Structure formats: structure tokens, C-alpha cells
1. Just need a number here: residues in segment A:174-190 that are crowded, with 20+ Cβ neighbours inside 10 Å, within 13 Å of chain B (Cβ to nearest Cβ) and touching a Lys or Arg at 6+ places or on another chain (Cβ under 9 Å).
2. Among the listed residues A:Ala166, A:Ala125, identify the single one that is under 19 Å from A:Ala214 (Cα atoms) and either within 14 Å of another protein chain (Cβ to nearest Cβ) or among the aromatic types (Phe, Trp, Tyr) (or both).
3. How many residues are surrounded by fewer than 24 Cβ atoms within 10 Å (Cβ to Cβ) and either within 14 Å of chain B (Cβ to nearest Cβ) or away from the ligand (no atom under 15 Å from the Cβ) (or both) when one looks only at segment A:141-157?
4. Counting only residues that are within 16 Å of the ligand (Cβ to nearest atom) and within 18 Å of A:Glu194 (Cα to Cα), which one in segment A:221-238 is nearest to the chain's Cα centre (by Cα)?
5. Here is a check on your reading of the model: is B:Arg255 surrounded by 17 or more Cβ atoms within 10 Å (Cβ to Cβ) and among the basic types (Lys, Arg)?
6. Name the single residue, out of those in segment A:289-325 being touching a helix residue (DSSP H, G or I) at 6+ places or on another chain (Cβ under 6 Å) and within 16 Å of the ligand (Cβ to nearest atom), that is nearest to A:Pro94 (Cα to Cα).
7. Just to confirm my filter: which helices (runs of 4 or more DSSP H) fall fully inside segment B:170-259 and include at least 2 residues that are more than 14 Å from chain A (Cβ to nearest Cβ) and hydroxyl-bearing (Ser, Thr, Tyr)?
8. For segment A:34-105, list the strands (runs of 3 or more DSSP E) that sit wholly inside it and hold at least 1 residues that are within 16 Å of the ligand (Cβ to nearest atom) and of a type in the set (Val, Ile, Thr); which are they?
Amino acid sequence: MRLLIRKARILDPSQGLDLEGDLLIEEGRIVALDREIPPPSDCEIFEAQRLWALPGLIDLHVHLREPGEEWKEDLETGTTAAAAGGFTAVACMPNTRPPNDSPEVTRYLLSRAREVGRTRVWPVACISKGQEGRELAPFGELKEAGAVALSDDGRPVADSGLMRLALEYAASFDLPVISHAEDPGLSAGGQVNEGPVAARLGLKGIPAEAEAVAIFREVRLAALTGVPVHIAHVSTALSVEILRRAKEEGLPVTAETAPHYFTLTEEAVLEYNTQAKVNPPLRTEVDREAVRQALAEGVIDAVATDHAPHSPLEKEVEFPAAAFGLLGLETAVPLTLNLVREGLLSPLRFAELLSTAPARILKVPGGTLKPGSPADVTLIDPDLPWVVTEEELHSKSKNSPFLGWEMRGRAVLTLVEGEVRWRLR
Amino acid sequence: MGVDFPHRHLLEIGPLSPEDLWTVLKTARNLKEVLRRPIPKVPTLRGKVVAHLFFEPSTRTRLSFERAAKVLSAEVLNFSARGSSLEKGENLLDTIKNVAAMGPDLLVIRHPASGAPHFVARKIGIPVINAGDGFHEHPTQALLDLLTVWERKGDFQGLKVAIIGDIRHSRVAHSDILAFRKLGAEVWVSGPGTMLPPEREALGARVVRRVEEAVEGADVVMALRVQKERHGRSLFPSWHEYSRFFGLNRRVLSRAAEGALLMHPGPINWGVELAPELEDFPGQVILEQVENGVAVRMALLLLLLKAAEA
Ligand SMILES: [Zn+2]
């Protein structure tokens, strides 16, 4: 089976390519990329004028809720949403029930992903057994089972000594460590960003420092051990400053942010809107601007969604009782495209943030359209208008603060190993 | 024999020159002959008193020192911390002064605090042998390891020595790295990241993440005894995982040089540091290490007590 994608704007940061051309796919691989490829015989042709062709998007940070909370999402609905959002691969966080701290859970996730057959799934395993922050999980066995990275995500490692050991032990297996940077003592009981909005709403705040001190700790531990650390969902200007200095120092630190942090501010939670309750919380305009600049300048390396589905059971409740988290997979492309339209990012940088950088950080295949690579390709119509509605979303849950928003830009074709996993009708 | 040993104590490997190391090795090799006699006893140190002060349990090292003293006809005073006045709150210096008052000619001391033998040596006018202090050094172990390798390999120049396990907290590793390097071998170390020295080049050894890389082409492969807990916390998730990724077995050792030696300072956690299948590995010299331990300790008693006499 051959597929020729014709006249797309090909964006491949791994080769520094931004050109109008054709892409030929054969037996699951990219076999040619050129300004014009004569169509071979028995070849399906996809006319891609005005569309962008990118190496398949990779989401560094999603919650698929399986095993254990399948009423919110499962591997099938989660990866279907991912493909619809343009993602060819997702890295799923380990805070499932049970948490992914054993090779059995890792293997289960991978076998479910094969069964479902949507996007690739890269399991992220726990740093500590039971995410309890006390003892290291068996990184060696987890890697053998297929885990690609480590994180205690939702329950960040509070003990700095354990985090140091985690970095040192992870280095033995060349596994990236992802830090949900939060000082639990500083954030305890917090509901929204600490500041005037929290005061007005009468809710306990989470200060920017809860994130910043944790990031500073990770930065210093990276320096101390020489082992890279990746910071998840950066939300504040203070964090950006710490990361900027760490990078100037040449420390092995990478970071991601999520579209809601460069799109929304804490104002989104006014009227106790639980759909915008997320951790870390939405911050101020100053923070939002700092995050946007950081993406443009390379201080933040990647965009991840932190896709966190919750059912009405967890969201249609009084604000303090509501779960943290919002959907991200299907709105990431248009929200990030906004930064391109605003002139902040080049289309190539857009592709870097959503594909090439995540592949590099996770050390997984992908992020490139080089001939010979697996044909994980995303075609995006950058201008297509659409409205986010519950019906449009493929996630099992509908907890998005963007419901009703008019978006521009959308994935129209998602290929994993040359197979169509999503095609906009 | 061997009075040209210019040291009053044996506290660590650092101050010993290559010549000093050779003096100990050659003396020990000569003394091995005594050990193999039908009645292994010579009167060389008759009338001398050696006090063994073990503030930390170690049956093997203690027996080895005791045997060495007895072959040379020295008297042995034994002191162990368990159930002693230490538990009643006596401090180290008081204990040492009391023992010294009984007139020993030499002290052998093992202590959980790094530097304790140095402290004792500074305070007491008689020779001190460090039988292991904290995370610092275990110099007699290094010397017996040298002797074992010398006997089997004939020289140290150009040898690659791989040490696998808890390098960061191992006094054996620290002494061995220094000793092997002084005699011209290169030393590579590996183990779980939590047990490797934070520095890339620790004490002059190459630090590598993968055990296979350290073992590749090695002439000597030494596994260290590991403990899961250090400073009250686990340094690796399970014994099972340790053996799987950091333990030595035939597969890993097949990467070593032809005729490579396999060593371990004991006591061995079989199935953890060493797969049981290695019990009959051709280059396995663990019992030779034990025998050489006695010879090396005899040599040191002789050299230090003769030097003190001179
Ligand atoms: Zn998180």
C-alpha cells in the first residue's frame, strides 16, 4: 500500500525543512520527500494543498485513566481523542489505579494499546513504589516491560533525597525523569492561583512559589547528579526565570507547558468554573505572557496537553470538592496555532514544540519525516474554523473550559506507520 | 626481612608508595610458605601483644587478623564493642586508653566512623592497622586483593580491573581503586546510579553506567557486597532487580578478557552480586583471597612491629 501526500507545506524541524512538496509513504515508512514526486503506480493520492504536513505530534503528558478509572476515559477513547487531535503518540502518566509501578501494569497498557490500535502509547512509570514517595520503583524491570520515562506526576516527590536517588538510579537505565514540580507543603489545600482572584472567591491559593521552589530543586539536582530532568506543565513567570538561568548555565533541564497556560488566566475560574480548575492552577496575565515568550525563545522546549479527563461526578460539584484537570488532546493544535498567527512562533517552531522536541525528550522514535522513518505523520489544516462542542470531542469526559469556543486549525489526517488513524470527514 | 617499611601505621593506601606496596606483597608471599607448613607457627613475634578492637562486627576480618597474629606467635587481646563499656557511654578515646594501658604493641581497629583509626593513631603511641573504617578505607583488603592478582597475573601494568557494586559507600572499593592504580592497573567501576560516586572520575577510576561496559575486556572483575539500605534508605528497589541488572553471571563475565579473575571481598550474597552458577567459574579466586588475607596481615604485623622495634 502506497500513499502520496501531494503539495503539502512540509514542516520537519529535524531536518530544518519548511517547503511545499510531496511525501511518499510505503509499507508504513516514509520513502521519499521532495518538491515533486511523480506518483508511482497503484498509489493512493492525498491532495494536501494548503495543509501542513508534520512529523506525527507526540503528547508528552496525558492521563488515560486506564486501569482503574475507566468511567473518565480509557485507552480506546483516550487514544481516539489523541488521533483526532493530531497526535500519533501519547505518553501516559502513571497515576492510574493501580499506579504504573510494576512491569505488569506497563505490559497491560502496551497490550491494550496494541488491541485498540489508535496512537502509539508510551507508558510513563512511577518514580516511587505506589507513588508513595518512599522507595524507588523497579526502573530496570519497568524499562524492560516498555516504560519510556518516570514520574510520580500527580503526587510529586516531596523528599529531595529520594528525588536525587531517582535521578541517579534512572541514569542507570537511561530513562528520562519527569517532574511535576510542586512543593506539596506550599500548595496544600490550594484550589486556584494565590492572589486577588483567590481572595475574591474565598478559595485557598497555590502560590507561584509552590512550583518555582520545586523547579529550582530539580535544577540543582540535575546539576548535582549530572542527570537530565524534565519539568512538566510550567505555569509561572518565576518558573520561566529559573529555567532560563538553568539553561544559560548549561544544565540538562527541559520543560513543557500546556496550551491552557498560554491561553487562559486565573480569570477563567471566576464564577467557580470547575472546568478551569487545574493543577498547577491558571495564573496571571504576567505569567501567561512569560510562558508564551518562553516558548518562542526556547526556554520551554515542548507543548504537552496534560489531558486530564474527569466525569461530571468529579466536576459538577462545589469548587473545593472538584477534581483538578481539563481535556487537552483535541484543542492543543488550534490553541498552539494561535501563537503562530500572533507571530510568536514560526510554523517550524510549532512542529518542534509538538513533535520533534517531545520525541527527543522521551528518547522515543518519531519527530522526523526523514525517509526511512516510520510514517507517523500529521496533516493539519491551519485555518479550518470549528467550534468545540461535546459532540466534537472524542474523549469519554467532556471537562473542557473551551466548550463553545470557536477555534481555527485542526488535524485532518493522522497516520501511524502509514495507516490512517484519523481523517476529518 | 622487610624492615625497610617507612610507615608507623597502616591507616589508608594513600601514603604508601608503589615500593611500599611491593614490600608488603613480597613479604606476604614469603610468609605464605609458613602458612602451608604442617605446623604453621613461627616464633617471630613471640612476646608481642596485638589488640583487636572491633567496634563493628566482622567475623571474617577478625579471624583473619587473629590467625595471622597466632602464626607469628603474637598474643592477641580481643575487644568487641557489643556488650562492652561502650554501651555504657564510654567514649572511644577512653576505651583506647584503657586498652593501651594493658600494654599491647599494636592495635587493629575496625570502626563504623570514617577516620576513627586516624584519631586513635594520633592519640596513642603505638602502631595502628585500620581494619575498615566507615565509608573510608579497608587497606588490608586492598593488599590481599593485590596479592591475589599478582600471584595469578604476574604483574599489574596494563591490567583492567572492574569493580561492580556499591562503589560510593564501599571502603573496599576506595582502597582497591587507589592500590591497583598505584601499581599500574586501570580501574573501571559500575553499579546502580545510586551507588556510583557523584564525580565522573572517582579516585581516578573510570565510572560507567553499564556493568557490561566496565566488564568488557577486564582482567579482573570484582563484585562488592551490597546492602539495600544505606543511611536508612533503599538504594535499589529489590534484590531481584539488583541481581538482574547489576549482578554478575556467566553472560556478563563472557565479556571479560580470557582468563579473567573473579573476586569478591565476602561475605557473598549468592544470587545477588554473584549468580550461583559462578561458584565454579574458572577464574574464581575468592578462597585464595581469604588465604592471602592471612598472609598479608602477617606481613603487616611483621613490618610494623619490626619497624617499631628498629
Ligand atoms: Zn502533573
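1. The qualifying residues number 1.
2. Going through A:Ala166, A:Ala125 in turn, just one is under 19 Å from A:Ala214 (Cα atoms) and either within 14 Å of another protein chain (Cβ to nearest Cβ) or among the aromatic types (Phe, Trp, Tyr) (or both): A:Ala166.
3. Total satisfying the criteria: 6.
4. A:His233
5. yes
6. Looking at the filtered set, the residue picked out is A:Thr305.
7. Here the list is empty.
8. A:57-62, A:87-92
The values are calculated or read from the model by the stated rules, or taken from the named source; none is laboratory data. Fair warning: this is a prediction, and the values are worked out from it, not measured in the lab. Please note: Cβ atoms are built from the backbone with ideal geometry, for glycine as well, and neighbour counts cover all protein chains shown.
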